[in-house]
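Engineer: Right, I'll just put the structure down here and ask away after.
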Amino acid sequence: MNVDLRRLAVTALLVLAVGAPIVAQREAWTRPFPAHRVIGNLYAVGTYDLAVFLLTSDEGHILINTGLDDSTVLIRENIQSLGFRLEDVKILLQMQAHWDHTAALAEIKQITGAEMWATAADAPVLEDGGFSDPHFGGRESFTPVEVDKIIADGEVIELGEIRLTVLETPGHTAGSSSYTMRVREDGRDYNVAIANMGTINPGKQLVVDPTYPGVADDFAETFRKQKALEVDVWVAAHGSQYGLHGKYEAGQDYRPDTFVDPQGFLAAVERLERIYLEQIAAERR
Ligand SMILES: [Zn+2]
């Protein structure tokens with residue numbers, strides 16, 4: 001093989017190795033998936049692998065996350081299939097200011113007139129469309145969305161009968177946030193976590209030339225808080241992270257215990273913490 005051919009072969013291999021998963025990932029991010037009830041007034045209205053959550057109340061709804069910038073139609077149809085209306089969303093929240101979870105926020109805000117609430121560290125990234133993201137930034141990766149209110153750790157978001165507690169879980173982004181609530185079903189209380197998991201995007205640095213100052217401490221805080229949570233039911237920003245497709249099959253009847261998985265939550269957090277500790281050790285080597 002001459003040098004040019006060899007270079008071509010190496011490029012082709014790289015495309016196969018790196019490009020194929022990206023194509024598969026995008027397909028899973030945009031593939032429609034039926035809306036379903038997670039537990040109580042918490043519904044999943046996202047795609048096959050991009051989680052979008054609807055919390056309903058008699059005084060309007062909360063929508064957490066979107067998918068990519070063309071996801072509004074899918075989200076609207078999913079909400080309608082449950083008998084609710086996108087127009088009744090009053091508060092928009094998100095879990096991590098990355099384009100795969102935020103790109104339709106501006107459009108949905110415009111349609112619904114809902115307020116965008118976000119943590120202090122994710123708010124500027126939402127408002128500049130990802131430009132100030134310390135890892136993926138330097139360009140606008142989604143339509144900027146104006147933030148109406150800053151939310152902070154421990155704050156309880158109230159709308160109708162909804163009582164949703166903000167749990168700041170930084171690291172994945174500086175302002176990543178989880179949310180917790182208690183749901184009563186069939187005479188039993190369930191602790192529910194909508195958890196942003198501490199995954200580390202490829203290329204991110206934790207301690208040597210850190211992606212942003214304090215990122216390693218942020219992840220440590222997230223693992224500590226999440227391990228201390230009392231969790232019965234949990235979901236996360238990607239269906240694949242919380243085992244959606246192992247726990248739930250499209251069309252399955254609603255049961256409050258479908259997503260009960262306390263051990264799975266702890267195992268998932270501990271697995272990510274091990275990856276985090278291994279990366280710190282590798283950076284210091
Ligand atoms: Zn992300």
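The values are calculated or read from the model by the stated rules, or taken from the named source; none is laboratory data. Values in this document were obtained by computation on a predicted structure and should not be read as measured data. Every residue, glycine as well, gets a Cβ built from its backbone with ideal geometry; the counts of neighbours run over all protein chains shown. We work out accessible area using only protein heavy atoms, side chains counted, and drop any ligands, DNA or RNA first. Shrake-Rupley method; radii C 1.70, N 1.55, O 1.52, S 1.80 Å.
Engineer: Suppose we filter the stretch 185-211 for residues that are under 23 Å from SER240 (Cβ atoms), surrounded by fewer than 18 Cβ atoms within 10 Å (Cβ to Cβ) and away from the ligand (no atom under 16 Å from the Cβ); how many remain?
Structural biologist: Adding up the residues that qualify gives 1.
Engineer: Still on this structure, I have one more. Quick check: anything in the stretch 247-270 in contact with a Leu (Cβ under 8 Å, 6 or more places away or on another chain) and either within 28 Å of GLY214 (Cα to Cα) or assigned to a helix (DSSP H, G or I) (or both)?
Structural biologist: Yes: the stretch 247-270 contains one or more residues that are in contact with a Leu (Cβ under 8 Å, 6 or more places away or on another chain) and either within 28 Å of GLY214 (Cα to Cα) or assigned to a helix (DSSP H, G or I) (or both).
Engineer: Being open to solvent by 20 Å² or more (accessible area, probe 1.4 Å) and within 17 Å of VAL269 (Cα to Cα) is the filter here; which residues of the stretch 163-184 pass it?
Structural biologist: LEU167, GLU168, THR180
Engineer: Right, here's the next one. For the stretch 182-201, indicate whether the set of residues that are farther than 30 Å from LYS90 by Cα, in contact (Cβ under 8 Å) with a residue 40 or more places away in the chain and in a loop (DSSP other than H, G, I, E, B) is non-empty.
Structural biologist: Yes.
Engineer: Does GLU168 fit the bill of being touching a helix residue (DSSP H, G or I) at 6+ places or on another chain (Cβ under 7 Å), over 15 Å from LEU55 (Cβ atoms) and in contact (Cβ under 8 Å) with a residue 24 or more places away in the chain?
Structural biologist: The answer is no for GLU168.
Engineer: Name the residues in the stretch 212-223 that are more than 16 Å from the ligand (Cβ to nearest atom) and touching a helix residue (DSSP H, G or I) at 6+ places or on another chain (Cβ under 9 Å), would you?
Structural biologist: ALA216, ALA220, PHE223
Engineer: Kindly check whether there is at least one residue in the stretch 148-157 that is within 16 Å of the chain's Cα centre (by Cα) and among the charged types (D, E, K, R).
Structural biologist: For the stretch 148-157, residues within 16 Å of the chain's Cα centre (by Cα) and among the charged types (D, E, K, R): absent.
Engineer: Please pick out the residue among ASP261, ASP218, ASP232, ASP257 that is surrounded by fewer than 20 Cβ atoms within 10 Å (Cβ to Cβ) and charged (D, E, K, R).
Structural biologist: ASP257
Engineer: Return the only residue of LEU126, LEU86 being free of Cβ contacts under 8 Å to residues at least 60 places away in the same chain and within 16 Å of the ligand (Cβ to nearest atom). If you could, list the steps in order and put the result at the bottom.
Structural biologist: Values: LEU86 fails: within 16 Å of the ligand (Cβ to nearest atom).
Result of the check over LEU126, LEU86: LEU126.
Engineer: Further question: Inside the stretch 68-83, can you point out the residues that are away from the ligand (no atom under 16 Å from the Cβ) and in contact with a Lys or Arg (Cβ under 9 Å, 6 or more places away or on another chain)? Lay out the reasoning, then the answer.
Structural biologist: Let us first name the residues in the stretch 68-83 that are away from the ligand (no atom under 16 Å from the Cβ), namely 70, 72-83.
Across the stretch 68-83, the qualifying residues are ARG76, ILE79, LEU82.
Engineer: Would you list the helices (runs of 4 or more DSSP H) that sit entirely within the stretch 68-162 and hold 1 or more residues that are surrounded by 14 or more Cβ atoms within 10 Å (Cβ to Cβ) and on the phi > 0 side of the Ramachandran plot?
Structural biologist: Values: elements: 72-81, 99-102, 105-112, 123-127.
Once the helices (runs of 4 or more DSSP H) in the stretch 68-162 are filtered for at least 1 residues that are surrounded by 14 or more Cβ atoms within 10 Å (Cβ to Cβ) and on the phi > 0 side of the Ramachandran plot, nothing remains.
Engineer: Only one of ALA97, ALA103, ALA118 is over 25 Å from VAL156 (Cα atoms), in contact with a Leu (Cβ under 7 Å, 6 or more places away or on another chain), within 16 Å of the ligand (Cβ to nearest atom) and touching a residue at least 12 places away in the same chain (Cβ under 8 Å); which?
Structural biologist: ALA103
Engineer: Pick from the stretch 163-181 the residues that are in a loop (DSSP other than H, G, I, E, B) and among the hydroxyl-bearing types (Ser, Thr, Tyr): which of them is farthest from the ligand (Cβ to nearest atom)?
Structural biologist: Among those that are in a loop (DSSP other than H, G, I, E, B) and among the hydroxyl-bearing types (Ser, Thr, Tyr), it is THR169.
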